[in-house]
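Trainee: Here it is, the structure, as C-alpha cells.
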Amino acid sequence: MDKNYSNLFTVDGPVSLKQSLPLAFEHLIAMIAGCIAPTLIFAGAAGLDYANSVLLVQMSLIGSALTTLLIILAPVRLIGNKLPMIYGVSFSYVPTMIALANQLESLGSKNIVAIVLGAQLIAAIVSFVFGFALKYVLPYFPPLVAGTVVLSIGLSLYPVALNYMGGGGDVSMAGWGSWEYWFIAAVTLVANIIFTHFGKGMVSLASVLLSMIVGYILAFFMGYVDLSPVAESGWFSFVSPMYFGIKFEPSAIAAFIIIFIVTCIEGIGDMNSTTIGGMNRPATSDELRGGIMGFSVANILGAFIGTLPTSTFSQNAGIVSINKVINKKVFITSSIMILIAGLVPKFSSLLLTIPYPVIGGATISVFAAITMNGIRMITTQPLSMRNTYIVGVSVAIGFGFTQVVTAAHNAGVTFMPESLEVAIGSSPVVLTTLFAFIMNIVIPEKEEDKA
C-alpha cells in the first residue's frame, strides 16, 4: 500500500479531504437507502401528510449523522467509543411502529409519532442502564435468544415488503395489486439480485440504492412519479425540536424496551464485526459499553428532535471489514455529508417521491438479510432439542398469537385489554422475545446445548 494512504488504516492519522471524501461517500451510499426506508414505511403507516413526512425524513438523516458524530467524538469516557461505525434509523423497530400505527390510528398521525418518540425516550434510558450494567446482563441474552429475536424481526417484515410491492402498505388502497405495480417491483428486485451477486466492489455494496434508482427510473417513465412537490420544496431549513411532541403510552413503552435491548445485542455484534474486520481484534468491554451508552444518549436526544430510533448499521461495518479503512476523518466526513442532506428539504422531498413498489422490491433483500443474520446467530449454538424447542416455540407463539389478535381485532372481537393488546399482541417480536428470554432461563442447559 502507498505510504501516502497508510494513515487511512489508522484511527487518528492525518488524511487529506481528497483521500477521505470518496471513502466517506461510499459509506453514505451504503447507508442512505437503509436509513430512509424505515422512515418512509412508518410515515406511510402513520398516515403523515407530505410536509410532515418530509420533516421525518429530514430528521432521520440529521439524527443519524448526529448519532455517529456523538459516538466518534464524545469526550465523556462512558459515552462513545471512537470506533469507525455509521449509525442510522433501524428496521428493527419497523414491525412494532407499524403495529402501533394500526392500533392507535384513531389518535391521528402526529400523535402516533409522538407516542413512538415517547416510547423511544424511556426505552433509550433503559438501554443506557443496560449498557452501564452490560457485563451483568449480557449472559441472559446469548446468541440463541438474540438470534431468535432477530429472526422474528426479519420474518415480520416480509408482509411489509410484499404489500409495498403490490402498491402500498394497505391492500385496500385503490389500484393495489395492479400488474404495473408488480412489474415495477419485480424489475427492482431483479436489479437488486444482479447488483448484489454479479456486481463488484461498490456496485455490490450499494445494491439496494442502485436497484432503487433502476426502479425509480422505470416508475418515472411509466408515469408513477410526481416531481411537482420537489420543485415547491426549499433548499435549506432547520427542523424545530419537539415538533411532533412526546406522549407516553405504557404499552408502547413496554414493547420498545424489549426491541431496544435486542438492538443493543445486535450492536455488540456489529461493533465486534468492525473491530475484528478492520482492526484484527475483538471489541473491548469499554468499547461495547461506550457504544451502547452513546447510542442510548443519542436516542434520548433524538426523541426530542424527532428522529426515529437509530442503531448500528451492519452494511457499513461490512465495508470496514472489506477495505480496512478505520480513520475517523472518513466517518466524520460521511456524517457531515449525511447531516447536510438532512438539512435540505428538496432532497428529502425527492426521497418521498419513490413509489411504494420500488421500496418493496429493493428492501425485501434487506429483510431477508436480517432473517438470515438471526439464523446465523442461532446456529452458533448447537441445534439440540432444548435449543430448537426454545426457538420454535418462541417464534410459534409470537407469530401465532399476533395473527389471532389481528383477526379478532378485524372482526370486532375483544378478549384482552387494549393496552395489553398493543403491548404484546401488536407485533410478533415482543412475545417471541419474552418467551425466548424466559425459556432460556427456566429450561436447564446441558453440556450438549452449549456452544
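The values are calculated or read from the model by the stated rules, or taken from the named source; none is laboratory data. Nothing here was measured: the structure is a model prediction, and the numbers come from that model. So basically every Cβ, Gly included, is an ideal-geometry build from the backbone, and we count neighbours across all protein chains shown. What goes into the accessible areas is simple: the full protein's heavy atoms, side chains included, and nothing from ligands, DNA or RNA. Shrake-Rupley method; radii C 1.70, N 1.55, O 1.52, S 1.80 Å.
Trainee: Heavy atoms only, 1.4 Å probe, whole protein assembly: order Leu73, Leu78 by accessible area, highest first.
Mentor: Leu73, Leu78
Trainee: Turning to a different aspect of this structure: Let a ≥ b ≥ c be the square roots of the eigenvalues of the Cα gyration tensor of region 335-385; is it rounded (a/c under 1.5), or, if not, prolate (a/b larger than b/c) or oblate?
Mentor: It is oblate, given that a/c is not under 1.5 and a/b is not larger than b/c.
Trainee: Next question, about the same structure. What percent does the relative contact order of region 245-384 come to when contacts are Cα pairs within less than 8 Å and at least six residues apart?
Mentor: Computed over region 245-384, the figure is 22 percent.
Trainee: I would also like to ask the following. What ranking do 404-417, 176-189, 276-289, 348-361 get when scored by the average of other Cβ atoms within 10 Å per residue, highest first?
Mentor: Highest-to-lowest ranking by the protection proxy: 348-361, 176-189, 276-289, 404-417.
Trainee: Between Phe415 and Asp12, what is the FRET efficiency for a Förster distance of 60 Å, r being their Cβ-Cβ separation, to the nearest 0.05?
Mentor: E(calc), rounded to 0.05, equals 0.50.
Trainee: Within the accessible area of region 323-451, what % is carbon and sulfur when the probe is 1.4 Å and the other protein chains stay in place?
Mentor: 71
Trainee: Of the lysine pairs in the chain, how many meet both conditions: Cα atoms under 13 Å apart, and a spacing of 8 or more in sequence or different chains?
Mentor: 4
Trainee: Hey, got the dipole for the chain? About the Cα centre, +1 on K and R Cβ, -1 on D and E Cβ, debye to the nearest 20?
Mentor: 1120
Trainee: Same structure again: When ranked by the protection proxy of mean other Cβ atoms within 10 Å per residue, highest first, what sequence do the peptides 150-157, 117-124, 434-441 form?
Mentor: Going from most to least packed, we get 150-157, 117-124, 434-441.
Trainee: To continue, here is another question. Can you give me the relative contact order of region 19-108 as a percent, contacts being Cα pairs under 8 Å and 6 or more apart?
Mentor: This gives 36 percent for region 19-108.
Trainee: Which order do the peptides 248-261, 362-375 take when ranked by the mean count of other beta-carbon atoms within 10 Å per residue, highest first?
Mentor: 248-261, 362-375
Trainee: Under 1.5 on a/c is rounded, so check that first for region 240-328, then, if it is not, pick prolate when a/b is larger than b/c and oblate when it is not; a ≥ b ≥ c are the square roots of the alpha carbon gyration tensor eigenvalues.
Mentor: Since a/c reaches 1.5 and a/b is larger than b/c, the shape of region 240-328 is classed as prolate.
Trainee: At 1.4 Å probe radius, can you tell me the per residue accessible area of the chain in Å²?
Mentor: Per residue, the chain has 41 Å² of solvent-accessible surface.
Trainee: Just how far, in whole angstrom, is region 57-129 from region 310-381 if you go by their alpha carbon centroids?
Mentor: The two parts, judged by their Cα centres, are 15 Å apart.
Trainee: Next question, about the same structure. What value does region 140-202 have for Rg/Rh, both radii from Cα atoms and Rh as Kirkwood defines it?
Mentor: The Rg/Rh ratio comes out at 1.16.
Trainee: A further question follows. I need to check one value: relative contact order of the chain, counting alpha carbon pairs closer than 8 Å and at least 6 residues apart, in percent.
Mentor: Relative contact order for the chain comes out at 33 percent.
Trainee: With the cut-off at 1.5 for a/c, could you classify region 195-284 from its C-alpha gyration tensor as rounded, prolate or oblate?
Mentor: Note, shape of region 195-284 comes out oblate.
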